[in-house]
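Report on one structure; see the data block that follows.
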Amino acid sequence: MPTWTWLVPALSIVLLAGAITIGVGPWLAVLCGIVLLAVVIAAVHHAEVVAHRVGEPFGTLIFAVAVTVIEASLILSMMLIGGAEMAVLPRDTIYAAVMIILSGVVGLCVLTGGLEHHEQTFRVEGAGAGIATLITMLGITLVLPVFTASAPDGTLSAMQLGFIALTSALLWIIFVFVQTVRHRDYFIPAANASDPDVHAEPPTLRHAWQSFGWLLVSLIAIVGLAKMLSPTIELMVERAGAPRVVIGIVIAMLVLLPETWAAVRVARANRLQTSMNLAIGSALACIGLTIPVIVLASILFGFPLVLGLEPKDLAILMITLLVSTMTLGSGRTYIMQGAVHLVIFAAFLFFAFH
C-alpha cells in the first residue's frame, strides 16, 4: 500500500480534530479545503482496491452505501442540533444529491466517456430497473407530500411518514438483492481489453480489508471537514447574496466528490457500466437509507419534517427524470446526452442562486 494512501486520511483526521478543538479561521479553512481534496483522492483509491477485490457490482455498492451512511449521520446530527430550524434540511440534501448525481455525475461520465471513446454501452436491464425504482422513491418521498391534505403544505402525517420510510427501505433492499444475487449479470460490465485494471492481479484479502478501513476513515474525514467548512461556506453565500439552500448544495457536492471522481475515472476507462452502477446505486441508497433514519428520528424526537419540493424544484426534477429515463433506457451513450444532462445541472445551479 503506497504511503500517501494511509498518511493523507490519518493527517485529515488529525486536522479535523484540531479544527473541532480550536475552530476554523481563514487560514485553517484554506488548509481544510486543500486536505479535503487530497483525502477525496485517497478515498477513491481505497474504493477501487476494494472493488477490484470483491468485483462488480459489490464494489460500487460498498462505496455508495458507505458514503450514504455517513451522509445520513451528518444530516441527523445537524437535525438534533438545529431542531425545528432544520425541518427542510433532509429534503434539500436529498434533492441536491439526486440532482448532482443524475444531472452532474451522469452528465460528466457520459460526456467524458463519449469524448474519449465516441460511443459507450451498458446493460439497459440494470439501468432501467434502477431508474424505475428511483422515480418511484422520489415520487413518494418528495412529490406526493406537495399534494397530500392530511398535514400542512409539504409535510406528512406520522402514518404517512411511516409508509414512505417502509416502502423506501423495502425498494432499496429488493434492488440490492436483484443487483447482487438474482440478476447480478445485468450489472456486470463487459470485459474491456484496453483497460489495464481489468487484467491486474486482485489485491490480497488483507490489503482489501486495510483499504476498506482507510476508506471509512477517509469518508468520515470528508464529511467532517465539509461540516467544519460549512460556516465559511455560509458566510461566503451570504456575502454573495445567494439563498441558504445553496449551502446544502455546496456541502452535498463536497460529500459526493469521491463518487464523482471514481465514476468519471471508470467512464474514461470505457467502463460506463460501473459508472452507472455507482451513480444509480448512490441515488437509491441516498433515499432508501436516509429517509427511514430521518423519519424514525422525526417521529421519536418530534422534529417537524418538510419533504415536499417547491414548484420550481419539482419542475427541474421532472425534467431530470424524463431525460434520465431516455438516457438510461437506450443502453448506448454519446456526447449529446452528456451535454443535455450538464445543461440541466447548470439550470439546477442557476435557479438555486436566482
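The values are calculated or read from the model by the stated rules, or taken from the named source; none is laboratory data. All values reported here derive from a predicted model rather than from experimental measurement. Every residue, glycine among them, receives a Cβ derived from its backbone with ideal geometry; neighbour counts consider all protein chains shown.
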Check: Counting only residues that are outside any loop (DSSP other than H, G, I, E, B) and not hydrophobic (A, V, I, L, M, F, W, C), which one in region 302-323 is surrounded by the most Cβ atoms within 10 Å (Cβ to Cβ)?
Finding: T320
Note to self: Condition first: at pLDDT 80 or above and in a loop (DSSP other than H, G, I, E, B). Can you find one or more residues in region 68-88 that meet it?
What the structure shows: yes
Margin query: Restricting to region 27-57, count the residues that are touching a residue at least 24 places away in the same chain (Cβ under 8 Å) and over 30 Å from T274 (Cα atoms).
Written below: 2
Margin query: With the requirement that a residue be farther than 22 Å from V67 by Cβ and in contact with a Ser or Thr (Cβ under 6 Å, 6 or more places away or on another chain), what does region 1-46 give you?
Written below: A29
Note to self: Just checking, does region 191-206 include any residue being part of a helix (DSSP H, G or I), surrounded by 11 or more Cβ atoms within 10 Å (Cβ to Cβ) and modelled with pLDDT under 85?
What the structure shows: yes
Check: Residues of region 118-139 being within 27 Å of P311 (Cβ to Cβ) and either of a type in the set (S, T, N, Q) or surrounded by fewer than 20 Cβ atoms within 10 Å (Cβ to Cβ) (or both), which ones?
Finding: A132, T133, I135, T136, G139
Notebook entry, point to check: Do we have any residue at all in region 91-101 that's surrounded by fewer than 15 Cβ atoms within 10 Å (Cβ to Cβ) and of a type in the set (D, E)?
Noted result: no
Margin query: Within region 17-29, does at least one residue satisfy the condition of being in a loop (DSSP other than H, G, I, E, B), out of contact with any strand residue (DSSP E or B) (no Cβ under 8 Å at 6 or more places or on another chain), under 16 Å from A226 (Cα atoms) and aliphatic (A, V, I, L, M)?
Written below: yes
Notebook entry, point to check: So A242 clears everything in (1) surrounded by 19 or more Cβ atoms within 10 Å (Cβ to Cβ); (2) not in a helix (DSSP H, G or I) except one condition, right? Which one?
Noted result: (1)
